[in-house]
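The values are calculated or read from the model by the stated rules, or taken from the named source; none is laboratory data. Nothing here was measured: the structure is a model prediction, and the numbers come from that model. Virtual Cβ from ideal backbone geometry, glycine too; neighbours counted across all protein chains shown. The area values use the complete protein model at the heavy-atom level, side chains included, leaving out ligands, DNA and RNA. Shrake-Rupley method; radii C 1.70, N 1.55, O 1.52, S 1.80 Å.
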Amino acid sequence: MAGPVRAEVLDVRGRRVTTLADEGFPAGSHELLWDGRDASGASVAAGLYFLRVAAAGEERVTKLLLNR
């Protein structure tokens, strides 16, 4: 279903590291890439992060493991 999508990377304390998407997307599959940087462009430490995606009235969270 087409509509607005918000995708954020969060640290283990739930603080937003960066926003990968905050815009409308057409229906279908999409790919977002995270380069391991925060919102200011600085590299973040290796470790556990979370990806939170909100779309179509639903929110899902999944684990990310960043290795350096």
| field | Hits in region 1-41 - residues which are surrounded by 15 or more Cβ atoms within 10 Å (Cβ to Cβ) and among the acidic types (Asp, Glu) | value | 8, 11
| query | For residues in region 42-68 being of a type in the set (A, V, I, L, M, F, W, C), in a loop (DSSP other than H, G, I, E, B) and open to solvent by 50 Å² or more (accessible area, probe 1.4 Å), which is nearest to residue 2 (Cα to Cα)? | reply | 56
| said: With the structure loaded, tell me whether residue 6 is in contact (Cβ under 8 Å) with a residue 40 or more places away in the chain and basic (Lys, Arg) or whether it fails that test. | reply: yes
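Which residues, taken from region 15-38, are among the small types (Gly, Ala, Ser) and over 28 Å from residue 1 (Cα atoms)?
Residues of region 15-38 that are among the small types (Gly, Ala, Ser), as a first pass: 21, 24, 27-29, 36.
36, the sole residue that qualifies.
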